[in-house]
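The values are calculated or read from the model by the stated rules, or taken from the named source; none is laboratory data. If you're wondering where the values come from, they're calculated on a predicted model, not measured in any experiment. As a convention, Cβ positions derive from the backbone with ideal geometry for all residues, glycine included, and neighbour counts pool all protein chains shown. Just so you know, the surface numbers come from the protein's heavy atoms only, side chains and all, with ligands and any DNA or RNA stripped out. Shrake-Rupley method; radii C 1.70, N 1.55, O 1.52, S 1.80 Å.
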Amino acid sequence: MTLIKSISGIRGTIGGKAGEGLSPLDVVKFTASFGSFMQDAHKKQNIKMVLGRDARISGEMVNRLVVSTLNALGIDVIDLGLSTTPTVEILVTKLEAQGGIILTASHNPAQWNALKLLNHKGEFINAAEGEEVLKKADEEDFTFAEVDKLGSYETYETAIDDHIEAIVQLPDVDVEAIKKANFSIALDCVNSTGGIALPPLIKALGVNEIHELYCTPNGDFPHNPEPLPQHLTELSALVKDKKAHLGFTVDPDVDRLAIVCEDGSMFGEEYTLVAVADYLLGKRKGNTVSNMSSTRALRDITQSAGMEYFASAVGEVNVVSMMKEKNALIGGEGNGGVIFPELHYGRDALVGIALILSHLAQKGCTCTELRDSYPAYVISKNKIQLQEGTDVDGILKKMEEKYQDTPHSTIDGLKLDFEDGWVHLRKSNTEPIIRVYSEAKDANEANKMASMIMKDIEGLM
């Protein structure tokens, strides 16, 4: 059993003893601490919270606990039911709520669930706010309402329709061009809420031929739900069998987007954001942002367009913060996360699909031709196992000194920028390891750079 308490939310496995997994007692405690934090932040005025969940099996049970706990605090709840993470984010502001909770463990397997916490802007709470929520939970610093001041409960049935309508109305979404392209599209929605969001979105964009795979939102994940190449063999086969123009897949809460090309090959999660940025930069000027572990290709196409690229610390909240600071046109993460501020500041696979289809329709090329038009990079992901108590910060400091003449950044671990690639070193907050990410023009070079740096670290230990 596992329970991970972090500033961005609470996630864990269902079952086991309290404190060892995401038990009902833990759900209540952390919901109460977040609700109480929001009451303090808004000076205990009438608090309204938006709630939504993915389709995993434990979702309904956790939902009931969260609703009852918030009502017990005197907080009104608007329940979207089965929804997506970006839909909940958008509805927080549309419904003028003070915050929101998304019940999803994202790409984690079915035995996991989580509480993701949103502020009044529909954005994830920041580090300082997260620490305060955890502190309240540890101290059980919350007070429940008297019987005549309990919160109310209502459902909201049209959230995904609202989300789709907002996307279709975006000036950069070219519905007419998509209709004329007469696309055939295959989908794998891993039996979660992508199954109730992607088909109606794609139909609203004017696509008539849709081949659905695992689009029943019953939480029975047919394969590992993380949208990585090794998990997409069935979608790849479906694309080829149906002679589809491309395939889309999302994770269970629909904030990550991966693409399969018409020949069954992977477009690459790292290149989802690159393609969307390329499309938008072809229309107007603007800066771009991704996290430090994302592909250099975004920097390359941004600079080719005469604009500036910026790298943030890893984590959606950090990407969003830098996007606001740099007034970015587009941003996101290399895991298929597209953040388009014109819609909202959150990773959104639905708007990513609309922009990708607009790009392909206007360009009149195949998916593989589009992918081949971008700089080719390969990322290698490795890790170094450490003994408990290892001074990771000290090791990273010594590595910084060793490579002091190499362009580098220390805003999130240590990133070394070499002429032909980069290496990013980060310590894990949950296990005794150093993550070693490297990128180069081919896998061999990326692995060689990683190996060189890992040998240096082993020498220091």
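Remarks
- Reduced Cα scattering model of the range 68-125, Debye log10 I(q)/I(0), q = 0.21, 0.28 Å⁻¹: -0.83, -1.23
- Legend: residue pairs Lys5/Lys324; Lys5/Lys44; Lys381/Lys427; Lys116/Lys136, Cα-Cα distance threshold 18 Å; pairs beyond threshold, Lys5/Lys324; Lys5/Lys44.
- Value in Å of the Kirkwood radius, where the chain supplies the Cα pairs that are averaged: 22.9 Å
- With R₀ set to 41 Å, the beta-carbon distance separating Ser409 from Ala145 gives a calculated FRET efficiency near 0.30.
- Over all pairs of different C-alpha atoms in the range 323-376, the reciprocal of the mean inverse distance, the Kirkwood hydrodynamic radius, equals 12.4 Å.
- Per-residue HN-Hα couplings for the range 191-200 [Karplus 6.51, -1.76, 1.60; θ = phi - 60°; Hz; x = Gly/Pro]: 6, 10, 6, x, x, 9, 10, 5, x, x
- Of all DSSP-defined beta bridges confined to the range 61-213, some 40% are antiparallel rather than parallel.
- The range 400-461 - convex hull of the alpha-carbon atoms, volume per residue in Å³: 87 Å³
- Between Glu234 and Glu212, full extension at 0.36 nm per residue minus the direct alpha carbon distance yields a gain of 6.8 nm.
- For Ser6, nonlocal amide neighbours, meaning residues 5 or more places apart or on other chains whose placed amide H falls under 5 Å from its own, are Arg11.
- Residues whose amide H comes within less than 5 Å of that of Trp422, counting only those at least five positions distant or on another chain, are Glu439 (H built at 1.01 Å from N in the peptide plane).
- In this calculation the C-beta distance from Thr390 to Asn327 is compared with R0 = 56 Å, giving a FRET efficiency of 0.90.
- For the range 381-396, 3J(HN,Hα) per residue [Karplus equation, 6.51 cos²θ - 1.76 cosθ + 1.60, θ = phi - 60°, Hz, x = Gly/Pro]: 10, 9, 8, 10, 6, 10, 7, 4, x, 4, 7, 5, 4, x, 5, 5
- Taking the charge dipole of the range 325-392 about its Cα centre, with +1 at Lys and Arg Cβ atoms and -1 at Asp and Glu Cβ atoms, the residue from Pro375, Ala349, Cys365 reaching farthest to the positive side is Cys365.
- Calculated translational diffusion coefficient of the range 1-159 (10 °C, 1.306 mPa s; Stokes-Einstein with Kirkwood radius over alpha-carbon pairs) equals 105 µm²/s.
- Of all DSSP bridge pairs formed entirely within the chain, close to 60 percent run antiparallel.
- With a 1.4 Å probe rolled over the protein heavy atoms of all chains, the accessible area of Lys455, Lys243 falls in the order Lys243, Lys455, largest first.
- Whole-angstrom gap from the range 334-356 to the range 260-311, using each part's C-alpha centre: 12 Å
- Over 25 Å [Cα-Cα, the range 126-269], rounded percent: 44 percent
- Cα-Cα separations in the range 285-403 greater than 21 Å, expressed as whole percent: 50 percent
- A protection proxy built from the mean count of other Cβ atoms within 10 Å ranks the segments 323-332, 289-298, most packed first, as 289-298, 323-332.
- Annotation for the range 380-445 versus the range 127-148: alpha-carbon center distance of 36 Å.
- Where N is the number of residues in the range 1-58, Cα Rg divided by 2.2 N^0.38 Å: 1.28
- Expressed as a whole percent, the accessible surface of the chain that belongs to carbon and sulfur atoms is 46, based on a 1.4 Å probe.
- What the Cα atoms of the range 79-207 give is an Rg and a Dmax of 18.4, 60 Å.
- For the range 188-323, taking Cα atoms only, Rg and Dmax work out to 16.3, 47 Å respectively.
- In order through the range 274-291: 3J(HN,Hα) via Karplus (6.51 cos²θ - 1.76 cosθ + 1.60), integer Hz, x for Gly, Pro: 4, 5, 5, 5, 4, 4, 6, 5, x, 9, 7, 7, x, 7, 10, 9, 9, 7
- Candidate residues Leu170, Leu460: accessible-area rank, largest first, probe 1.4 Å: Leu460, Leu170
- Over 16 Å [Cα-Cα, the range 179-226], rounded percent: 38 percent
- Relative to the 2.2 N^0.38 Å rule of thumb, the range 138-189 has a C-alpha radius of gyration ratio of 2.23.
- Ordering of 261-270, 83-92 by burial proxy (mean other Cβ atoms within 10 Å per residue, highest first): 83-92, 261-270
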